[in-house]
Amino acid sequence: MSEAQPYESSEELERDISKMESRAFWAILILVFAVMATYFCCLFIGQSSMTYRDVIETLLGGGTWGNHYNVFTLRMPRIACAAIVGAGLAVAGMAMQAMFKNPMASPSILGLSSGASFGASLAIAFGFGAFAGSFSIPVMAFVFCFLTLILVYGLAVTRYGTPVTLLLLSGVAVGAFFSGMTSFIQYIVEPDILQGVVYWTMGSFNRCHWDSFWIALVVVGAGIALICLCVRELNLMSLGEEQAKALGVNIRRTRLMLLLGTSLAVGGSVAVSGTIGFVGLIIPHVCRAIGGPNHKFMAPMCILGGAVFMMVMDAISNSISFTGVLPVGILTSMLGAPFFIYIMRKRKNEIWG
Amino acid sequence: MRLNVNGVTFGYDSTRILDDIEFEARQGSILGIIGQNGCGKTTLLKCINNMLKPLGGSILVEDMPAGVLDPDKEGRDSVEVSEMNRKELARCMSVVSQSAYISFPFNGFDAVMMGRYARPGKTRREDIDAVYRAMRSAGALEFAKRPVNELSGGELRRVMIARALAQEPEILLLDEPTLHLDVNHQFDLMDLITGLKRDMDMIVIMVTHDMTFAARYCDQVILMEDGHIVAAGDTRDVLTAEMIKEVFDIRAVVEYDERVGGLNVVMIGR
């Protein structure tokens with residue numbers, strides 16, 4: 001067209017765009033170091049009273065048997081679990097926000113967390129899934145996470161496709177049903193079991209050992225990988241189904257992969273740590289604000305940022321103690337709810353537009 | 001290449017929206033679909049790119065050019081739209097729809113780059129070149145770094161047109177392309193589209209209710225009313241004062257205007 005062009009050549013355009021993208025690139029680089037640094041720093045924080053000198057001595061191979069046990073068998077797996085759960089929940093939140101093209105979506109919106117909690121509560125309270133032995137809780141959490149997914153998806157399917165509003169509404173309904181059922185279990189069980197169920201629904205890493213870490217790594221890792229395979233599609237999906245379709249996305253397959261990935265990531269997370277809310281909402285939001293909405297950059301940022309965030313939250317919950325350890329889920333909820341309200345007010349246009 | 005629409009019908013449970021639609025669109029021409037609100041124009045467009053599945057009839061692409069179909073179908077001469085997968089369709093045709101609100105703050109460059117999904121270049125350089133060309137043609141370069149959810153309707157439209165061009169399609173489907181655009185950008189856009197049909201030999205199908213633009217730029221016109229075709233053919237044969245009176249119930253004069261160098265519609269009133 002006639003007026004002067006802002007860019008004389010495509011090289012000029014590329015330079016300018018690269019300049020913009022370098023910001024996300026640096027953020028990723030910084031986050032990589034932040035993950036390592038946070039992991040290391042968190043080793044110094046825990047329930048048992050150990051001085052900094054003790055920890056360093058133990059890490060270097062010395063120290064007493066008790067310190068050795070504390071660092072290698074309690075703290076290391078706990079922090080590693082926090083990192084992987086944080087990464088999984090953040091990426092799952094990111095995938096859902098893109099899928100529902102709504103920046104308020106998060107794993108709890110599809111009722112996934114509630115479903116997984118119900119399954120785990122069944123295992124804790126009545127010993128369901130005993131065939132899996134000591135893995136009964138994680139197994140039940142996965143099973144119910146998938147069940148919720150299938151139920152929610154099945155309820156939302158119509159002859160003309162799967163409208164997002166219907167998907168969200170059935171997620172809310174199914175989620176409400178499962179949290180009601182969880183409350184019902186809490187109401188009828190014996191007091192000593194109740195404590196276990198309640199503690200678990202509040203979310204904590206303090207019962208995580210290496211075996212829970214390996215479970216989390218495999219399951220959550222598979223979920224993250226599935227989601228990361230779809231980064232290009234995520235960009236297109238976040239435009240809405242019709243546009244994504246018109247641009248060539250196979251909606252059915254992509255959505256299946258994303259839903260499967262999400263439920264693996266959430267199911268795995270819930271299984272090792274209980275329900276921890278709002279991570280899937282906060283982290284993608286912050287990442288989008290820093291690095292832009294391109295999922296090519298957002299996915300790695302969410303993985304790393306989620307890990308850092310959760311390790312820090314866990315460290316904080318381990319340093320404030322009233323009567324024992326403060327479950328980290330309480331902390332993220334106290335932080336997350338105000339954040340939720342903040343974006344709800346601040347970004348009205350994006351949410352309802 | 002030709003697009004052949006044969007007896008397409010579409011409807012929901014009780015209402016019939018399209019009834020036995022039949023026409024052919026040829027390469028290197030602009031086909032206008034004209035009619036009042038709710039006559040089924042947009043539905044027809046959605047049937048063409050298989051967003052909606054017709055209840056009856058078929059939509060056929062004949063003399064399919066190379067590079068559109070997947071290798072297993074490559075070489076076939078005529079293919080039904082319903083047989084193509086979404087990627088093939090995205091290489092074959094692109095759509096600029098009426099409203100395309102984007103909730104996330106992608107910048108203009110990212111938004112146009114999404115048009116390359118079905119036709120990725122061998123290198124990123126190739127894709128950037130294609131995006132650059134598309135954005136320059138559509139006059140969208142100035143929005144390369146702006147978040148698209150902050151653009152006005154007309155500005156967003158230019159980004160969406162750039163994205164459609166980045167798809168490098170054989171068929172361009174436009175739903176009310178001049179809506180929300182400033183007058184100067186309306187003319188720019190129509191010049192661009194005329195250039196595309198001439199230089200790229202595209203099939204352009206344009207839904208519009210702007211008869212002045214249709215008269216001036218469309219080679220063929222289809223007049224629709226209540227889901228069926230009232231008249232179809234070359235613009236000067238179809239877009240007559242009598243037809244306009246019949247479909248829109250408006251008195252108009254249609255005449256050759258040498259200042260315009262083509263047909264001009266002057267609307268007088270009811």
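Just so you know, all these numbers are worked out from the coordinates, no wet-lab data involved. The model shown is predicted, which means the values in this text are computed figures rather than measured ones. Cβ coordinates were reconstructed from backbone atoms using ideal geometry, including for glycine residues, and neighbour counts include every protein chain displayed.
Simple point charges give the picture: +1 on the Cβ of Lys and Arg, -1 on the Cβ of Asp and Glu, and for chain A a dipole about the Cα centre of about 440 debye. For the range B:159-215, the pair-distance distribution built from all alpha carbon pairs, in bins 10 Å wide starting at 0, is 21, 61, 18 percent.
Along chain A, the exposed loop sites are GluC sites (Glu not before Pro) outside DSSP states H, G, I, E and B with at most 11 other Cβ atoms within 10 Å, and the longest stretch free of them is A:9-353. Rg and Dmax of the range A:116-231, both derived from C-alpha coordinates alone, stand at 16.2, 50 Å.
Pairs of alpha-carbon atoms within less than 8 angstrom and 6+ residues apart define the contacts here; what relative contact order does chain A have, in percent?
Computed over chain A, the figure is 29 percent.
When DSSP beta bridges are restricted to pairs lying wholly in the protein assembly as shown, around 60% turn out antiparallel. For the range B:188-197, backbone phi angles converted through the Karplus equation (6.51, -1.76, 1.60; θ = phi - 60°) give residue-by-residue couplings of 4, 5, 5, 5, 4, 5, 4, x, 5, 5 Hz, Gly and Pro being listed as x. Backbone phi angles across the range B:132-140, fed through the Karplus curve with coefficients 6.51, -1.76 and 1.60 (θ = phi - 60°), yield HN-Hα couplings of 4, 4, 5, 5, 5, 4, 7, x, 10 Hz in residue order; Gly and Pro are listed as x.
Helix-only arithmetic for chain A: the sum of -39500 (n - 2.57) across DSSP H runs with n ≥ 4, divided by the residue total, places the mean residue ellipticity at 222 nm at -24500 deg cm²/dmol. Couplings for the range A:119-125, taken from phi via the Karplus curve 6.51 cos²θ - 1.76 cosθ + 1.60 with θ = phi - 60°, read x, 5, 4, 4, 5, 5, 7 Hz in order; Gly and Pro are left as x.
Under unit Cβ charges (Lys, Arg +1; Asp, Glu -1), what dipole magnitude, rounded to 20 debye, does the protein assembly as shown have relative to its Cα centre?
2100
Restricting the GluC sites (Glu not before Pro) of the range B:36-99 to loop positions (DSSP other than H, G, I, E, B) with no more than 13 neighbouring Cβ atoms within 10 Å leaves B:E74. No disulfide-compatible partner, judged by a Cβ distance under 4.7 Å, exists for the following cysteines of chain A: A:C41, A:C42, A:C145, A:C228, A:C230, A:C287, A:C302. For the range A:23-352, the Cα gyration tensor yields ellipsoid semi-axes of 32, 25, 17 Å (square root of five times each eigenvalue, largest first, whole Å).
A cut-off under 11 angstrom between Cβ atoms defines the neighbours of B:G227, and their net charge, with Lys, Arg +1 and Asp, Glu -1, is -2.
Only Cα pairs under 8 Å and 6+ residues apart enter the sum, and on that basis the relative contact order of the range B:101-164 stands at 51 percent.
For the residue pairs A:K296/A:K346; A:K296/B:K53; A:K245/B:K145; B:K41/B:K145, alpha carbon separations beyond 31 Å are given by A:K296/B:K53; B:K41/B:K145. Think of the protein assembly as shown as having a plus end and a minus end, set by charges on the Cβ of Lys, Arg, Asp and Glu; of A:F178, B:A100, B:I205, A:F178 sits farthest toward the positive end of this dipole. Of the beta bridges DSSP finds with both residues in the range B:164-270, what % are antiparallel, to the nearest 5? Antiparallel: roughly 70 percent of the beta bridges in the range B:164-270. The ranking of B:S103, A:S106, A:S333, A:S319 from fewest to most other beta carbons within 10 Å of each one's beta carbon is A:S319, A:S333, B:S103, A:S106.
Per-residue ellipticity at 222 nm from helix content only, as computed over chain B with -39500 (n - 2.57) for each DSSP H run of at least four residues, stands at -9000 deg cm²/dmol.
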